[in-house]
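> Structure provided below as structure tokens; questions to follow.
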Amino acid sequence: MQTDYDPRAVEAAAQRYWEDNQSFKAVEDASREKFYCLSMFPYPSGRLHMGHVRNYTIGDVIARHQRMLGKNVLQPMGWDAFGLPAENAAIQHGIPPSQWTKSNVAYMKGQLKQLGFGYDWDRELATCDPDYYRWEQWLFTRLMAKGLAYRSRATVNWDPVDQTVLANEQVIDGKGWRSGAAVEKREIEQWFVRITDYAQELLDALDGLDGWPERVRTMQRNWIGRSEGVHMDFGIQGSDEVLGIYTTRPDTVMGVTYVAVAAEHPLAHRAAENNSELTAFIEECRQGGTSEAEIETMEKKGHRLGIDAIHPITGEPVPIFAANFVLMGYGTGAVMAVPAHDHRDFDFAKKYNIPIKPVIVPPEWQGRQIYKLIVSNDAIGDRPIAGESPALGVSGEPALDPLQFDKWDERFEQRGVLFDSGPFDGLDFDQALDAIANWLSERGKGSKTVNFRLRDWGVSRQRYWGCPLPVVQTADGDVRAETHLPVRLPDDVVVDGSGSPLKRMPAFFELPNGEARETDTFDTFFESSWYYARYCSADCDTAMLDERAKYWLPVDQYVGGIEHAVLHLLYARFFHKLMRDEGLVDCDEPFARLLTQGMVIAETWYRDEADGRKQWFNPADVEVQRDEKGKIIGATLKADGQPVYFGGIEKMSKSKNNGVDPQTLTERYGADTVRLYTMFTSPPDQSLEWNDEGVEGAFRFIKRLWALAVGEAELMRAAGDPVDLDESAQAARREIHGALKKALFDYERQQFNTVVSACMSMVNVLYKLEDSPARAPLLREGVSIVLRLLAPIAPHVTHHLWLELGLGEDILQSSWPQVDASALKQDNLEYVVQVNGKVRGSVKVPVDADKDAVQAAALANEQISKFVGDGTIRKVILVPKKLLNIVVSAA
């Protein structure tokens, strides 16, 4: 057994063993409890980053732990291979996206293997493989037949340079994230899937996902956004048309002073036919994104259409404005505006001199004289007309100050009591919702309605590198499902950035009889929404899934970033229900337990350039000076000795040049050190702040464990079980099993950092063992426990030492360590004794000794009693099992 720890040799040998013995091949076995552990698969960008390493290490630790508990474990890996980044890289390098993607997959797969992750590589998949995407095409044709997939015109973010639709997240400051071109709102034909048909089920099922972080469930609830309100029809002056509007605040309807519609609304377009200013405004609104976040923060602008809506209750006309804060894709593309009780409506009303009419007051104002207000900007600052509200009455108390509309007050948006609202005066919110809904329903003008913020999923993209939609446009302009699957994407195409090349490939889209194949491709979320299921039946060529999926699903543990909390996880839940309704799976949810790991963060360093930009330097290239407390007092670039400046601690990224190359670390320290460091530095769900000294510390600990095992190998091989232990050996064994008990608890709650801490404390105990007949058996037992606890975290070195110490052939097949309850039993306890708060000694007492017994033992100790002397004992404080403090006053 070699004396020095050589991570390269140790890790290469372990990996050969796992490969030769197919250690991680998963085979269905109904007689065993299954455990499906999955980490979110990576986009093959070319190289792993530390975020990948942390994510996959967490998943691998969980999978190996469950395997050692005796479960039948599946842990697969694959590649989220489609998407715009591959197109952009292909443009840059002048090669087909398929070539770029496949070369990256090969390289990253080698990196994953080097880190020792226990994947069943026989189940590997790539979403760009026709054998994979043919089945989502098949499912889409089933959705078309059910009416769950449909084509409709929709307003989208359009990049005029890249010639493609952009997701809201790809629009930055109104510009395309890659091209930098001003994004336009454009209405085009899109394909949608009716996720809204499942909105209530998706919402209700969240209550049963007890293994998910509450934060994620809350985010999904908010995204689905169930609300109860009223749909009402406003009339259009001079027309038989109605303008449908949904509101969650029907109690404010009597305060409506204008209606706002989206710039894309048909009313706006008709009004613009003879209005050049309105036409220009509509064109202006086409520029910029469609995200709610952007809408919320941008300046609110509008233009009057020159036509009025008719209030459904009062019959009074209210002006209609086209407004840039109303989106055609949300609700009906129209909102009723109540500037007295909505901050956005208030700002808009003040800007365009629109009347502001309050109709809600706080409940505590009942019975008091209030002011009726109908004010416009011209009246702001003037004294409003005082009046008595018939519903609230007058109590004779002094009038309250009126709500002043020269500035916003949060009271305005609160629910309260209606006034100046005709027949609805005096009602609270719930009463008003029912009363107004009934009033409208009786007259055929509206009804109580449940609405969802969630919109149907737009799944088509005008890009090349994606799965082709299996749709054919017939000669008469209708559409039908493709019958010959898969529709293969031509993969020998060099893209040039001028839109999708599929649109310029008659060989792809031209079909007999005047038919044409759809040239749009699926949103890449489509592929990532069901990959977890395909792993279960990865080699099945006759169906999307087979019976094996029903054995493995749901995924028992899913690991991934919080940034996927809404879209990916919501789409995957939806997709699972679609597959369930096709009879492909027999459970309702895809992921039983979810762990969202924290980010890997690191220091950033920069210099200011002459043009105002910042040049960022990698922390490894910076020499940092710190004071005795670790505070930064200066830094210089190693290359030139000139100052650089601290830019804060941020997520590792290329833009800030603060990433750490895991390949370099693995080559220098070994995979086990990298894995141990990422697990030890912080709990999995919290951010990991990178520290080079911490990596060195992890390496030193592994070498220390190696030295202990190698140095005492011969002694341990010959040792038996620990029996007939003296008091010192009993205490050491008690410490070991106490640390084991904590480590087992921490494994169950996935706090792997404290598992490593427990192992470190055990190694310290083992190094301090006194020379006695008990030393060898205690070493053997203690090292055996440490190796098994560390096996999921540092699998290579533990595999090697387990074999070399003769503890077994494969540590993965060993039994998980168990606490020996007898080892934790203790006859005596040692109490630290203080006199007036100062430590004066210690005493040993029976474990069940009460306060009086501990005090008596302390006073019987001459070393302690001399500090009590003839003084008067005023108080005795006992901290059970730890400390006794005797408070004495002078004689």
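Every number in this text was worked out from the coordinates using simple rules, so none of it is lab data. Worth saying up front: this structure is predicted, and the values here are computed from it rather than measured. Here the Cβ is made from the backbone with ideal geometry for all residues, glycine too, and neighbour counts use every protein chain on show.
> Within segment 36-110, report the trypsin sites (Lys or Arg not before Pro) that DSSP leaves as loop and that have at most 15 other Cβ atoms within 10 Å. Could the numbers behind the result be given before it?
Details: sites: R47, R54, R64, R67, K71, K102, K109; in loops: R47, K71.
Hits after loop and neighbour filter: R47.
> I would also like to ask the following. So for segment 19-76, what percent of the C-alpha to C-alpha distances run longer than 20 Å?
Roughly 34 percent, rounded to a whole number.
> Whole number please: convex hull volume per residue of the Cα set in segment 600-651, in Å³? It would help to have the intermediate numbers written out before the result.
Details: hull volume 4.5 nm³, N = 52.
In segment 600-651, the Cα convex hull volume per residue is 86 Å³.
> Determine ³J(HN,Hα), in whole Hz, for all residues of segment 586-593 in sequence, where each value follows from phi through the Karplus function 6.51 cos²θ - 1.76 cosθ + 1.60 and θ = phi - 60°; x replaces Gly and Pro.
So the J values, rounded to whole Hz, are 10, 10, 8, 10, x, 10, 6, 10.
> Could I ask something else about it? What are the ³J(HN,Hα) values, in whole Hz, obtained from phi via the Karplus relation 6.51 cos²θ - 1.76 cosθ + 1.60 with θ = phi - 60°, for each residue of segment 599-616 in sequence order, with x given for Gly and Pro?
Rounded to whole hertz, the list is 7, 9, 10, 7, 5, 10, 9, 8, 10, 7, 7, 4, 8, x, 7, 9, 9, 9.
> Under DSSP H, which helices of the chain have Cα atoms covering 20 Å or more of the helix axis and a Kyte-Doolittle average no less than -1.0?
Qualifying helices, which must be both long enough and hydrophobic enough, are 50-68, 130-146, 567-581, 692-711, 727-748, 752-767, 775-790.
> Measure out, as a whole number of angstrom, how far apart the alpha-carbon centroids of segment 782-828 and segment 313-340 sit.
If you average the Cα positions of each part, the centres end up 69 Å apart.
> Give me P(r) over the chain, computed from all C-alpha to C-alpha distances, binned every 20 Å, as integer percentages.
In order of increasing distance, the bins hold 11, 32, 31, 20, 5, 0 percent.
> Farthest toward the dipole's positive end in segment 662-720, which of L708, T673, G720, given Cβ charges of +1 (Lys, Arg) and -1 (Asp, Glu) about the Cα centre?
G720
> Using 10 Å bins from zero, what percent of all Cα-Cα pairs in segment 828-889 falls into each bin?
25, 61, 13, 0
> Let me ask something else about it. Check which residues have an amide H placed less than 5 Å from D308's amide H, if you skip close sequence neighbours.
HN-HN under 5 Å from D308: Q237.
> Quick one: which residues, 5 or more positions from V471 or on another chain, have an amide H under 5 Å from its amide H? H modelled 1.01 Å from N in the peptide plane, none for Pro or chain starts.
Residues meeting the criterion, in which the H sits 1.01 Å from N, are E482, E518.
> Over segment 781-891, consider all pairs of different Cα atoms and compute the Kirkwood hydrodynamic radius from their mean reciprocal separation; express it in Å, one decimal.
After inverting the mean inverse Cα-Cα distance, the result is 17.4 Å.
> Size of the dipole of segment 680-824 about the Cα centre, Lys and Arg at +1 and Asp and Glu at -1 on the beta carbon, nothing else charged, in debye to 20?
Taking the Cα centre of segment 680-824 as origin, the dipole is about 80 debye.
> Would you please report the Å³ per residue occupied by the convex hull of the alpha carbon atoms in segment 680-824?
Taking only Cα atoms, segment 680-824 has a hull volume of 108 Å³ per residue.
> Please report Rg (one decimal) and Dmax (integer) in Å for the Cα set of segment 125-268.
20.4, 61
> Still on this structure, I have one more. With +1 on each Lys and Arg Cβ and -1 on each Asp and Glu Cβ, how big is the dipole of the chain about its Cα centre, in debye rounded to the nearest 20?
Value, rounded to 20: 1600 debye.
> Suppose every K and R has +1 on its Cβ and every D and E has -1 on its Cβ; what is the size of the dipole of segment 600-651 about the Cα centre, in Debye to the nearest 20?
Approximately 160 debye in magnitude.
> Please name which of I188, Q200, N222 has its Cα lying farthest along the dipole of segment 188-280 towards the positive end, using unit charges on Cβ (Lys, Arg +1; Asp, Glu -1) and the Cα centre as origin.
Value: N222.
> Please compute the Cα-Cα pair-distance distribution of segment 612-709 with 10 Å bins starting at 0, giving whole percents from short to long.
In whole percents, the pair-distance histogram is 13, 38, 35, 13, 2, 0.
> Check which residues have an amide H placed less than 5 Å from F82's amide H, if you skip close sequence neighbours.
Sorted by chain and number, the residues that satisfy this are T127, C128.
> While we're looking at this one, here's another question. Going by Cα centres, segment 451-472 and segment 1-33 are how many Å apart?
Each part reduced to its Cα centre gives a spacing of 42 Å.
> Another question about this same structure. Rounded to whole Hz and in sequence order, give me ³J(HN,Hα) for segment 825-833 from the Karplus expression 6.51 cos²θ - 1.76 cosθ + 1.60, θ = phi - 60°, writing x for Gly and Pro.
Once rounded to whole Hz, the list reads 5, 9, 7, 10, 10, 9, 9, 6, 10.
> Could you tell me the distance between the Cα centroids of segment 104-180 and segment 235-249, to the nearest Å?
For segment 104-180 versus segment 235-249, the Cα centre distance is 40 Å.
> In the structure displayed, which of K185/K357; K185/K350; K629/K656; K550/K654; K146/K448 lie more than 31 Å apart, Cα to Cα?
From K185/K357; K185/K350; K629/K656; K550/K654; K146/K448, over 31 Å: K185/K357; K550/K654.
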